[in-house]
Amino acid sequence: MSTDAIVLLKEDHQEIRRLFREFQDAQEGPPKRRQELVNRILELLTVHTYLENEVMYPEIRRLLPDLEDDILESYEEHHVADVLCVELAAMDADDERFVAKTTVLIENVTHHVEEEEQEWFPKVREALGRKQLQEIGERMLALRPDAPRTPTAPKALKKALDAMTA
(Lines give C-alpha, C1' and ligand atoms only; values in the text may rest on other atoms or scores of the structure.)
Protein backbone atom coordinates (compact mmCIF):
# COMPACT_ATOMS: atom_id res chain seq x y z
CA MET A 1 0.00 0.00 0.00
CA SER A 2 1.38 3.35 -1.02
CA THR A 3 1.64 6.15 1.48
CA ASP A 4 2.05 8.80 -1.23
CA ALA A 5 -0.59 11.45 -0.46
CA ILE A 6 -1.55 11.94 -4.09
CA VAL A 7 -1.90 8.20 -4.67
CA LEU A 8 -4.13 7.92 -1.59
CA LEU A 9 -6.33 10.80 -2.71
CA LYS A 10 -6.60 9.39 -6.24
CA GLU A 11 -7.67 6.02 -4.78
CA ASP A 12 -10.44 7.83 -2.89
CA HIS A 13 -11.42 9.65 -6.08
CA GLN A 14 -11.65 6.35 -7.96
CA GLU A 15 -13.95 4.84 -5.31
CA ILE A 16 -16.11 7.97 -5.21
CA ARG A 17 -16.46 7.97 -9.02
CA ARG A 18 -17.43 4.28 -8.92
CA LEU A 19 -20.20 5.05 -6.42
CA PHE A 20 -21.36 8.00 -8.52
CA ARG A 21 -21.77 5.66 -11.53
CA GLU A 22 -23.67 3.16 -9.37
CA PHE A 23 -25.99 5.92 -8.16
CA GLN A 24 -26.62 7.11 -11.72
CA ASP A 25 -27.47 3.55 -12.73
CA ALA A 26 -29.83 3.22 -9.74
CA GLN A 27 -31.79 6.45 -10.21
CA GLU A 28 -34.88 4.66 -11.46
CA GLY A 29 -34.53 1.79 -9.02
CA PRO A 30 -35.83 1.38 -5.49
CA PRO A 31 -35.36 4.32 -3.12
CA LYS A 32 -33.67 2.01 -0.59
CA ARG A 33 -30.79 1.35 -3.02
CA ARG A 34 -30.39 5.06 -3.79
CA GLN A 35 -30.31 5.79 -0.05
CA GLU A 36 -27.65 3.14 0.57
CA LEU A 37 -25.47 4.51 -2.23
CA VAL A 38 -25.83 8.12 -1.08
CA ASN A 39 -25.04 7.15 2.50
CA ARG A 40 -21.84 5.49 1.29
CA ILE A 41 -21.01 8.51 -0.93
CA LEU A 42 -21.53 10.86 2.01
CA GLU A 43 -19.25 8.76 4.20
CA LEU A 44 -16.45 8.66 1.64
CA LEU A 45 -16.73 12.37 0.85
CA THR A 46 -16.79 13.30 4.54
CA VAL A 47 -13.63 11.32 5.28
CA HIS A 48 -11.89 12.47 2.11
CA THR A 49 -12.57 16.18 2.52
CA TYR A 50 -11.67 15.99 6.19
CA LEU A 51 -8.24 14.54 5.36
CA GLU A 52 -7.63 17.08 2.63
CA ASN A 53 -8.77 20.00 4.80
CA GLU A 54 -6.88 18.88 7.89
CA VAL A 55 -3.66 17.55 6.37
CA MET A 56 -3.12 17.95 2.64
CA TYR A 57 -4.26 21.52 2.00
CA PRO A 58 -2.61 23.13 5.05
CA GLU A 59 0.64 21.31 4.36
CA ILE A 60 0.70 22.24 0.67
CA ARG A 61 -0.26 25.79 1.54
CA ARG A 62 2.74 25.95 3.89
CA LEU A 63 5.19 24.26 1.54
CA LEU A 64 4.02 25.76 -1.76
CA PRO A 65 2.67 29.28 -1.24
CA ASP A 66 2.41 29.77 -5.01
CA LEU A 67 -0.53 27.36 -4.95
CA GLU A 68 -2.49 29.47 -2.44
CA ASP A 69 -5.22 30.40 -4.94
CA ASP A 70 -5.72 26.76 -5.95
CA ILE A 71 -6.05 25.72 -2.33
CA LEU A 72 -8.51 28.49 -1.49
CA GLU A 73 -10.63 27.46 -4.48
CA SER A 74 -10.51 23.85 -3.28
CA TYR A 75 -11.69 24.89 0.19
CA GLU A 76 -14.64 26.66 -1.41
CA GLU A 77 -15.46 23.66 -3.58
CA HIS A 78 -15.40 21.52 -0.43
CA HIS A 79 -17.72 24.03 1.23
CA VAL A 80 -20.30 23.61 -1.55
CA ALA A 81 -20.02 19.82 -1.31
CA ASP A 82 -20.29 19.96 2.51
CA VAL A 83 -23.52 21.93 2.34
CA LEU A 84 -25.02 19.51 -0.17
CA CYS A 85 -23.89 16.55 1.96
CA VAL A 86 -25.50 17.96 5.11
CA GLU A 87 -28.73 18.55 3.18
CA LEU A 88 -28.69 15.07 1.64
CA ALA A 89 -28.04 13.48 5.03
CA ALA A 90 -31.33 14.98 6.23
CA MET A 91 -33.33 13.77 3.20
CA ASP A 92 -35.03 10.51 2.36
CA ALA A 93 -34.40 8.85 -0.99
CA ASP A 94 -38.06 9.20 -1.95
CA ASP A 95 -37.93 13.01 -1.55
CA GLU A 96 -38.67 14.61 -4.92
CA ARG A 97 -35.38 16.56 -4.84
CA PHE A 98 -33.13 13.72 -3.64
CA VAL A 99 -31.94 12.63 -7.09
CA ALA A 100 -31.57 16.23 -8.28
CA LYS A 101 -29.54 17.23 -5.23
CA THR A 102 -27.36 14.14 -5.53
CA THR A 103 -26.81 14.92 -9.22
CA VAL A 104 -25.64 18.44 -8.34
CA LEU A 105 -23.29 16.98 -5.73
CA ILE A 106 -21.90 14.53 -8.30
CA GLU A 107 -21.37 17.32 -10.85
CA ASN A 108 -19.59 19.55 -8.34
CA VAL A 109 -17.37 16.82 -6.93
CA THR A 110 -16.54 15.51 -10.40
CA HIS A 111 -15.41 18.99 -11.45
CA HIS A 112 -13.30 19.31 -8.29
CA VAL A 113 -11.70 15.88 -8.77
CA GLU A 114 -10.86 16.58 -12.41
CA GLU A 115 -9.26 19.91 -11.49
CA GLU A 116 -7.21 18.32 -8.74
CA GLU A 117 -6.03 15.40 -10.83
CA GLN A 118 -5.34 17.30 -14.04
CA GLU A 119 -4.03 20.62 -12.74
CA TRP A 120 -3.22 20.66 -9.04
CA PHE A 121 -1.72 17.23 -8.35
CA PRO A 122 0.86 17.52 -11.16
CA LYS A 123 2.05 20.86 -9.76
CA VAL A 124 2.32 19.40 -6.25
CA ARG A 125 4.11 16.27 -7.44
CA GLU A 126 6.60 18.32 -9.45
CA ALA A 127 7.35 20.66 -6.53
CA LEU A 128 7.55 18.12 -3.70
CA GLY A 129 9.74 15.09 -3.41
CA ARG A 130 8.49 11.58 -2.99
CA LYS A 131 9.54 11.58 0.67
CA GLN A 132 7.45 14.67 1.46
CA LEU A 133 4.38 13.21 -0.26
CA GLN A 134 4.84 9.97 1.66
CA GLU A 135 5.09 11.86 4.96
CA ILE A 136 1.89 13.75 4.18
CA GLY A 137 0.21 10.48 3.19
CA GLU A 138 1.32 8.83 6.43
CA ARG A 139 -0.28 11.67 8.40
CA MET A 140 -3.50 11.24 6.41
CA LEU A 141 -3.52 7.49 7.04
CA ALA A 142 -2.94 8.05 10.75
CA LEU A 143 -5.86 10.51 10.92
CA ARG A 144 -8.27 8.42 8.78
CA PRO A 145 -9.58 6.16 11.60
CA ASP A 146 -10.64 9.21 13.63
CA ALA A 147 -12.13 11.14 10.69
CA PRO A 148 -15.85 11.87 10.85
CA ARG A 149 -17.93 9.41 8.83
CA THR A 150 -21.09 11.44 8.32
CA PRO A 151 -21.55 15.09 7.40
CA THR A 152 -23.55 15.55 10.57
CA ALA A 153 -20.88 14.13 12.89
CA PRO A 154 -19.80 16.86 15.34
CA LYS A 155 -16.41 17.56 13.66
CA ALA A 156 -17.84 17.54 10.15
CA LEU A 157 -20.94 19.53 11.04
CA LYS A 158 -18.93 22.19 12.87
CA LYS A 159 -16.72 22.64 9.79
CA ALA A 160 -19.73 22.85 7.49
CA LEU A 161 -21.51 25.35 9.75
CA ASP A 162 -18.36 27.44 10.15
CA ALA A 163 -17.97 27.52 6.38
CA MET A 164 -21.60 28.58 5.92
CA THR A 165 -21.16 31.57 8.21
CA ALA A 166 -17.72 32.60 6.94
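The values are calculated or read from the model by the stated rules, or taken from the named source; none is laboratory data. None of these values were measured; they are calculated from a predicted model. Cβ sites come from the backbone with ideal geometry, for glycine too, and all protein chains shown count toward neighbours.
Mind checking which residues of region 25-42 are assigned to a helix (DSSP H, G or I) and polar (S, T, N, Q)? Selection gives Gln35, Asn39. Taken across region 10-17, residues that are out of contact with any Lys or Arg (no Cβ under 9 Å at 6 or more places or on another chain), crowded, with 20+ Cβ neighbours inside 10 Å and over 21 Å from Lys131 (Cα atoms) do occur, with at least one present. Taking first residues from region 122-148 that are under 10 Å from Asp4 (Cβ atoms) and in contact (Cβ under 8 Å) with a residue 24 or more places away in the chain and partners that are part of a helix (DSSP H, G or I) and of a type in the set (Asp, Glu), the Cβ contacts under 8 Å between residues at least 6 apart in sequence or on separate chains come to Ile136/Glu59. Here is the figure for region 3-38: residues that are touching a residue at least 40 places away in the same chain (Cβ under 8 Å) and not basic (Lys, Arg) total 16.
Okay, residues lined up against (1) surrounded by fewer than 14 Cβ atoms within 10 Å (Cβ to Cβ); (2) over 15 Å from the mean Cα position of the chain (by Cα):
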{"site": "Lys101", "(1), (2)": "no, yes"}
{"site": "Ile106", "(1), (2)": "no, no"}
{"site": "Thr110", "(1), (2)": "no, no"}
{"site": "Gln118", "(1), (2)": "yes, yes"}
{"site": "Val124", "(1), (2)": "no, yes"}
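Go over the candidates Gln132, Gln118 one by one and state the one that is polar (S, T, N, Q) and farther than 30 Å from Asp25 by Cα.
Values: Gln118 fails: farther than 30 Å from Asp25 by Cα.
Exactly one of Gln132, Gln118 is polar (S, T, N, Q) and farther than 30 Å from Asp25 by Cα, namely Gln132.
Restricting Glu22, Glu15, Glu87 to those that are within 30 Å of Ala127 (Cβ to Cβ), out of contact with any strand residue (DSSP E or B) (no Cβ under 6 Å at 6 or more places or on another chain) and part of a helix (DSSP H, G or I) reduces the list to Glu15.
Comparison of Ala163, Ala100, Ala90 shows that the only residue that is modelled with pLDDT of 95 or more, of a type in the set (Gly, Ala, Ser) and farther than 14 Å from Leu9 by Cα is Ala100. Residues satisfying the criterion are present in region 132-155 (criterion: in contact with a Pro (Cβ under 8 Å, 6 or more places away or on another chain) and either of a type in the set (A, V, I, L, M, F, W, C) or surrounded by fewer than 16 Cβ atoms within 10 Å (Cβ to Cβ) (or both)). Scanning region 16-50 for residues that are in contact with a helix residue (DSSP H, G or I) (Cβ under 6 Å, 6 or more places away or on another chain) and farther than 17 Å from Val83 by Cα gives Ile16, Leu19, Phe20, Glu22, Phe23, Ala26, Gln27, Leu37. When residues in region 88-99 are screened for being surrounded by 14 or more Cβ atoms within 10 Å (Cβ to Cβ) and touching a residue at least 12 places away in the same chain (Cβ under 8 Å), 5 of them pass.
Does Ala89 fit the bill of being over 16 Å from the mean Cα position of the chain (by Cα) and under 22 Å from Ile41 (Cβ atoms)? Against the criterion (over 16 Å from the mean Cα position of the chain (by Cα) and under 22 Å from Ile41 (Cβ atoms)), Ala89 does not qualify.
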